Structure formats: structure tokens, C-alpha cells
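The values are calculated or read from the model by the stated rules, or taken from the named source; none is laboratory data. Note that this is a predicted model, so its numbers are computed, not measured. Don't worry about glycine lacking a Cβ; one is built from the backbone with ideal geometry, like all the others, and counts go over all protein chains shown.
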Amino acid sequence: MKQDFTLDFNNEYDRSYNNYREIFKRLNKKTFDYLQIEENYLIEVNLVDSGEIQHINKTFRGIDAPTDVISFALLDEVEGESPLISDKNTPRLLGAIMIAVDVALEQAKKYNHSPMRELKFLYLHGLLHLLGYDHDTTENEQQMNKIQNEILGKRKENHDDK
């Protein structure tokens, strides 16, 4: 299956997390393969701290509290409109994913799994939102959980520690 994507990786948290660029690229490929996505997309991912994500959460969602992940879908198809980019070789911006690393580390401890597993889960969760998946109903939540479990697997060995 022909697919392509570009990952614009911005680590504003700590240099020791720069290896997640490749980890997220592999997870992106696995997700696109699983969902049979053949289009060429650009995905922006930002690793930030809880203060930055709290500011973003307040600004865009009106919630003055930190959260683990926020995604901004930028490729909402509007009926009757053509895409901004028609060249199949040029990636279309799918959206941006913001992950609060310090929140992810706290959650990893809380859920008793590795920081890598939590960061991969949050990236995948944000990516699925960019692709149009949501958990606004029980049925949608079950579908999203099924996809996340299929892609990430449940085995601990799939998630080496940071």
C-alpha cells in the first residue's frame, strides 16, 4: 500500500525525549497501515509541559487546567470544497498534536506502565482524533478503544521503557 506522511516533531520539553520522533513515526506508519490510509499527510506533534498545555487548554477549550493531550484537526472536509493542495506529492496538513510529557509521566505511574507506553498511547489517541475518530458516544469510544488496543497491543513487551 502506497502511503506517505511527514512528521513535524517539536520537543519543547526535554532533549532526552528527542528519540520519540522515530517512535511516533513508526507508530504513525503502523496506524496508517492498520486503517489503510494511503494519502500523504503532514502531522505536527509538540512535546510540552503542563503549564503550556494548560494555557492551550484555557485558550482553545475554556478549561483552565492541564490535560494530557490536545489535538487540532486542520483537515475537515467541507462538502463542495476542494482541498487546498491538489498535488498528490505534497503532504496535506492533517493537524497538530500537543502532549504534556510531565502529565504523561504522572499517568504512567498511576496506571502502572512505562512512560513510553503512555506517550505512545497519547500520540495515537491524538492521531485518531485528527483522523476523525472520537469518544463522544459509547459506540464511538468502543471503536476508538478497539483501534488503540489493536495498534498498541496489550503486551507489556511492546512498550520498552523510555
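Just a few scattered comments:
- Among (1) part of a helix (DSSP H, G or I); (2) in contact (Cβ under 8 Å) with a residue 60 or more places away in the chain; (3) surrounded by 13 or more Cβ atoms within 10 Å (Cβ to Cβ), the one test that Val45 misses: (1)
- Across the range 134-161, the number of residues qualifying as assigned to a helix (DSSP H, G or I) and either loosely packed, with under 10 Cβ neighbours inside 10 Å or at pLDDT 90 or above (or both) comes to 16.
- Screening Leu119 against (1) on the phi > 0 side of the Ramachandran plot; (2) modelled with pLDDT of 95 or more leaves a single unmet condition, (1).
- Meets criteria (of a type in the set (S, T, N, Q), within 13 Å of the chain's Cα centre (by Cα) and under 20 Å from Phe121 (Cβ atoms)) for Thr31: yes
- Search result, residues across the range 65-108 that are over 25 Å from Phe121 (Cβ atoms) and either in a strand (DSSP E or B) or at pLDDT 95 or above (or both): Arg92
- Condition check for Asn40: closer than 26 Å to Pro91 by Cβ, touching a Ser or Thr at 6+ places or on another chain (Cβ under 8 Å) and not β-branched (Val, Ile, Thr): yes
- Qualifying residues in the range 17-28 (those that are free of Cβ contacts under 8 Å to residues at least 40 places away in the same chain and more than 13 Å from the chain's Cα centre (by Cα)) - the one farthest from Val101 (Cα to Cα): Glu22
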